[in-house]
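Scroll down for the structure; my scribbles are underneath it.
Where a number appears in this text, it was derived from the coordinates with a stated rule and is not lab data. Everything numeric in this text was worked out from a predicted model, so none of it was measured. Please note: Cβ atoms are built from the backbone with ideal geometry, for glycine as well, and neighbour counts cover all protein chains shown.
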Amino acid sequence: MTIEKIAIITDSTNNLPAEFISQYQINVVPLTIVIGSQSYLDGVDIHPEEFYQRLIVEKNHPTTSQPAPGDFLAAYQNAKDDGAEQIVVLTISSAMSGTMESARMAAKNIDIPVTIIDSKSNTMGLGWQVLACARARETGASVNEMVTIVDNVRENLHLHVLLDTLEFLFKGGRIAGAAKLVNNVLKIKPQIRVNHVTGSVEAVDISRTRAKAIESLYSTFIKKLDLTKPLRIAILHNNALEDAKALAEKIISELKPIELIIALTSPVLGVHTGPNAIALSGYSEK
């Protein structure tokens, strides 16, 4: 089967830069952000920088909603109409969102095979898996081979997130496994991670200043990597570009990754992580 016959679909939490989405012809199904009475499609109707500026002053805390099964079905039908004979779907962790269930429900109503992968992650934790899947397709890999490659990436994948405050996790009801970090919520700088086995969030560390928190983010993240192997690393930020650039310089100097991506975190994730959050996501190749 030629590469054009396998469509790849993901959701808008993947955070891959637009050039990758275009280059690899990845179809994105957006989640929805609701601010007051207004709804926005993530990555379509509102720019991340605008969103984070609004988040600081917005009286009504934004909420989010997953795509409906009909949204995925429309994406499936479009892929089929474009000549796809099979579809691979990669979604945000099923432990974080009902997005995967919507994808499954939609798959019952399309007459070509749909393979759905739970990334057990979000942001570039999902993005790296999507990218590996797309690059495997470029080499002529079958769907089964693409799934195996994605699984291998996930096994070696790490995602650590530094929050400037726990306030937005509280507001969004996503405190989950990070609850043990609660201690003077407006002053601490908590670090959380995604467990890529359970797909849920866990506590890592607490810092009292942002400078120490960023140091801790870097050190705890790189301890998880095999530095003797090629590294692919992404820096995600919630409108904290200067901190992201500083981390990028450090990573390039000390780790020399074969690939480094800097990207703004999608608004639908920023609802829960808040302004100025910053994250590191990446893996050591086998």
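Which value at 222 nm does the chain reach when only helices count, each DSSP H run of 4 or more adding -39,500 (n - 2.57), with the total divided by all residues and rounded to the nearest 500 deg cm²/dmol?
Dividing the helical sum by the residues of the chain leaves -11000 deg cm²/dmol.
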> With the contact rule set at Cα under 8 Å and sequence spacing of 6 or more, what percent relative contact order holds for the chain?
Replying inline: 21 percent
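Under the 0.36 nm per residue contour assumption, what length would be gained going from the current alpha-carbon distance of K286 and V57 to full extension? Numbers along the way, then the final one.
Working: separation 229, 0.36 × 229 = 82.44 nm, distance 4.49 nm.
Answer, rounded to one decimal: 77.9 nm.
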> Which of the peptides 75-84, 32-41 is most tightly packed, and how do the rest follow, judged by the mean count of other Cβ atoms within 10 Å per residue?
Replying inline: 75-84, 32-41
> Direction-averaged shadow area of the convex hull around the Cα atoms of region 1-115, nm²?
Replying inline: 7.9 nm²
> Taking the mean number of other Cβ atoms within 10 Å as a proxy for protection, how do you rank 196-206, 86-96 from highest to lowest?
Replying inline: 86-96, 196-206
>> If I take every Cα pair under 8 Å that is 6 or more residues apart in region 210-286, average their sequence separation and divide by the length, what percent do I get for the relative contact order?
In response: 47 percent
> In what sequence do Y218, Y52 fall when counting other Cβ within 10 Å, fewest first?
Replying inline: Y218, Y52
> Expressed as an acute angle from 0 to 90° and rounded to the nearest 10, what is the orientation of the C-alpha long axis of helix 143-155 relative to the principal long axis of the chain?
Replying inline: 10 degrees
>> Distance cut-off 20 Å, Cα to Cα: go down the list K189/K256; K189/K229; K223/K256; K120/K212; K212/K245; K80/K120 and report the pairs above it.
In response: K189/K256; K189/K229; K120/K212; K80/K120
>> Just to verify a number: FRET efficiency for N152 and S37, C-beta to C-beta distance, R0 = 45 Å, to 0.05?
In response: 0.50
